[in-house]
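Have a look at the structure below before the remarks.
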Amino acid sequence: MRRLPIYFLIDISESMVGEPIQQVEEGLASIVQALKADPYALETVWVSIIVFAGKPKTLVPLQEIVNFYPPRFPIGSGTSLSKGLGHLMYELRSNIVKTTYDQKGDWKPIVFLFTDGVPTDDSNAAIGEWKRNWQRSANMIAISFGNEADSALLGQLTDEVHLFKNTSPQSYKEFFKWVSDSIKTSSISVESNATGFELAKTDNDTISKIDLSKAADKVPSVDDNFVVLAAKCQNTNRPYLMKYTKNLNEGDIGGMKLYTKSYRLAGAFPVDQSYYELADEKVENRIHSDELIGAPNCPCCGNPYGLAVCACQKIHCLGEELESTCPWCGTKGKYGVGGGGFDISRAQG
């Protein structure tokens with residue numbers, strides 16, 4: 001039986017921390033459950049999961065859907081689309097069986113790319129390689145999780161760029177049902193359809209195809225839609241992330257409307273040590289404390305102050321004790337509240 005390879009290329013940058021990555025985990029589990037119940041998919045579909053942040057990683061190598069078990073997703077620093085694409089193309093070259101005189105190879109692979117932000121690197125070379133070597137021999141569906149992704153850049157990879165309005169848990173269920181229905185439809189149509197690819201129809205407005213005729217915006221070196229601060233718990237030594245979302249404030253001076261940008265706390269989330277393994281090379285980005293609204297407790301130990309900055313410029317949590325030790329550099333010191341704002345190191349997002 002010829003295989004229908006399905007690859008999921010998933011953005012696991014800091015901006016996905018919290019509910020988005022949890023919903024992706026649950027969504028992938030629902031897709032697998034639906035495919036295992038479909039006789040056509042059960043016979044043809046093979047699945048692989050590749051994740052990327054600052055660095056890429058194969059979480060699940062290409063395998064039969066019957067043997068597939070959804071993994072837990074890590075979080076990493078940065079959004080290196082170029083490295084994610086490079087790793088995807090390596091996996092395709094390594095695993096796809098080509099048709100020869102003696103045998104029929106795999107059906108045209110299908111790639112689902114999920115991202116919620118903009119790349120923090122230069123992706124031109126990787127995109128060029130994809131166009132030359134894979135754009136006609138693989139089907140890619142790029143999904144923007146919310147309005148923040150660079151749809152014009154995604155449009156260089158594929159004509160199938162879709163917006164997912166992740167507004168509620170129900171919308172996630174509808175989205176992942178659409179993905180599983182599209183895979184099931186493709187598994188049925190491979191014999192009659194040369195591309196082996198057919199998206200399922202949907203009547204809801206949570207998934208819509210994006211108009212790619214708009215001009216591309218300049219891609220920043222840091223995802224400006226979110227601010228993510230990387231910290232470490234002084235009691236458990238475990239890393240955690242504080243996520244802030246963009247908040248535009250409108251003002252009026254002399255009859256002119258002015259907009260100032262700030263970021264409101266969305267939450268604090270513990271992560272594991274793989275955060276550092278998947279992080280990009282060190283990039284120095286700063287945010288002023290006056291631009292941040294809210295500060296959390298430590299999500300690892302419950303300390304009341306989750307945003308304390310050591311003299312080494314790293315962030316950690318504080319309790320009520322008079323003297324604390326920085327878990328990054330080991331310096332002991334007394335902390336207090338200073339007057340005025342200050343710069344804080346931020347992750348790439």
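The values are calculated or read from the model by the stated rules, or taken from the named source; none is laboratory data. Keep in mind that this is a model prediction, so the values were computed, not measured. Note that each Cβ is placed from the backbone with ideal geometry, even for glycine, and that neighbours are counted across all protein chains shown. Ligands, DNA and RNA are excluded from the accessible area calculation, which covers all protein heavy atoms including side chains. Shrake-Rupley method; radii C 1.70, N 1.55, O 1.52, S 1.80 Å.
Which number in (1) over 18 Å from the mean Cα position of the chain (by Cα); (2) farther than 23 Å from residue 200 by Cα marks the one condition that residue 32 misses?
Here residue 32 clears every test but (2).
Just to check your reading of the model, which residue among 30, 48, 77, 94 is among the small types (Gly, Ala, Ser) and without any contact (Cβ under 8 Å) to a residue 40 or more places away in the chain?
Only one candidate passes the filter, namely 94.
Can you tell me which residue within the stretch 165-187, out of those that are surrounded by fewer than 16 Cβ atoms within 10 Å (Cβ to Cβ) and more than 13 Å from residue 205 (Cβ to Cβ), is modelled with the highest pLDDT?
So in the stretch 165-187, the residues surrounded by fewer than 16 Cβ atoms within 10 Å (Cβ to Cβ) come out as 167-170, 173.
Next, from what is left, pick out any that are more than 13 Å from residue 205 (Cβ to Cβ): 169, 173.
Values: 169: 81, 173: 88.
If we take residues in the stretch 165-187 being surrounded by fewer than 16 Cβ atoms within 10 Å (Cβ to Cβ) and more than 13 Å from residue 205 (Cβ to Cβ), then 173 is modelled with the highest pLDDT.
Can we say residue 79 is over 15 Å from the mean Cα position of the chain (by Cα) and open to solvent by less than 20 Å² (accessible area, probe 1.4 Å)? Break it down stepwise before answering.
Details: over 15 Å from the mean Cα position of the chain (by Cα): no; open to solvent by less than 20 Å² (accessible area, probe 1.4 Å): yes.
When the stated conditions are applied, residue 79 does not pass them.
Looking only at strands (runs of 3 or more DSSP E) that fall completely inside the stretch 299-349, which ones have 3 or more residues that are out of contact with any helix residue (DSSP H, G or I) (no Cβ under 8 Å at 6 or more places or on another chain)? Lay out the reasoning, then the answer.
Values: elements: 305-309, 315-318, 343-346.
Once the strands (runs of 3 or more DSSP E) in the stretch 299-349 are filtered for at least 3 residues that are out of contact with any helix residue (DSSP H, G or I) (no Cβ under 8 Å at 6 or more places or on another chain), what remains is 305-309, 315-318.
Quick one: which of 13, 77, 48, 94 is of a type in the set (S, T, N, Q) and in contact with a Pro (Cβ under 9 Å, 6 or more places away or on another chain)?
Residue meeting the stated conditions: 48.
Residues that are more than 29 Å from residue 225 (Cα to Cα), touching a strand residue (DSSP E or B) at 6+ places or on another chain (Cβ under 7 Å), open to solvent by 20 Å² or more (accessible area, probe 1.4 Å) and of a type outside the set (Val, Ile, Thr): does the stretch 107-120 have at least one?
There is at least one residue in the stretch 107-120 that is more than 29 Å from residue 225 (Cα to Cα), touching a strand residue (DSSP E or B) at 6+ places or on another chain (Cβ under 7 Å), open to solvent by 20 Å² or more (accessible area, probe 1.4 Å) and of a type outside the set (Val, Ile, Thr).
Which number in (1) at pLDDT 90 or above; (2) exposed (fewer than 12 other Cβ atoms within 10 Å of the Cβ); (3) assigned to a loop (DSSP other than H, G, I, E, B) marks the one condition that residue 94 misses?
Tallying (1) at pLDDT 90 or above; (2) exposed (fewer than 12 other Cβ atoms within 10 Å of the Cβ); (3) assigned to a loop (DSSP other than H, G, I, E, B), residue 94 fails exactly one: (3).
What residue, of 164, 145, 176, is in contact (Cβ under 8 Å) with a residue 40 or more places away in the chain and more than 21 Å from residue 211 (Cβ to Cβ)?
After applying the criteria, what remains is 176.
Which helices (runs of 4 or more DSSP H) does the stretch 99-209 wholly contain that include 3 or more residues that are farther than 25 Å from residue 52 by Cα and not aromatic (Phe, Trp, Tyr)?
169-189
Provide a single number: the residues in the stretch 320-345 that are in contact with a Gly (Cβ under 9 Å, 6 or more places away or on another chain) and either surrounded by 11 or more Cβ atoms within 10 Å (Cβ to Cβ) or closer than 22 Å to residue 262 by Cα (or both).
Residues in the stretch 320-345 being in contact with a Gly (Cβ under 9 Å, 6 or more places away or on another chain) and either surrounded by 11 or more Cβ atoms within 10 Å (Cβ to Cβ) or closer than 22 Å to residue 262 by Cα (or both): 3 in total.
Applying the selection to the stretch 18-73, what residues are within 28 Å of residue 276 (Cα to Cα), outside any strand (DSSP E or B), among the hydrophobic types (A, V, I, L, M, F, W, C) and open to solvent by 10 Å² or more (accessible area, probe 1.4 Å)?
Listed by number, the residues that qualify are 21, 29, 73.
For the stretch 1-29: of the residues being at pLDDT 90 or above and acidic (Asp, Glu), which is nearest to the chain's Cα centre (by Cα)?
By that ranking, first place goes to 11.
Within the stretch 73-91, does at least one residue satisfy the condition of being aromatic (Phe, Trp, Tyr) and within 21 Å of residue 180 (Cβ to Cβ)? So that I can check it myself, show each step before the final result.
Taking the stretch 73-91 as the starting set, the residues that turn out to be aromatic (Phe, Trp, Tyr) are 73, 90.
Subsequent filtering for residues that are within 21 Å of residue 180 (Cβ to Cβ) retains 73.
Yes: one or more hits.
Select from the stretch 11-38 the residues that are among the polar types (S, T, N, Q) and under 15 Å from residue 115 (Cα atoms) and list them in ascending order.
Those that are among the polar types (S, T, N, Q) and under 15 Å from residue 115 (Cα atoms): 13, 15, 22, 23.
If a residue must be under 26 Å from the mean Cα position of the chain (by Cα) and modelled with pLDDT under 85, how many such residues does the stretch 247-278 contain? Before you say what the answer is, go through the steps one by one.
First, pick out the residues of the stretch 247-278 that are under 26 Å from the mean Cα position of the chain (by Cα): 247-248, 261-278.
Among the residues that remain, those that are also modelled with pLDDT under 85 are: 247-248, 261.
Total meeting the criteria: 3.
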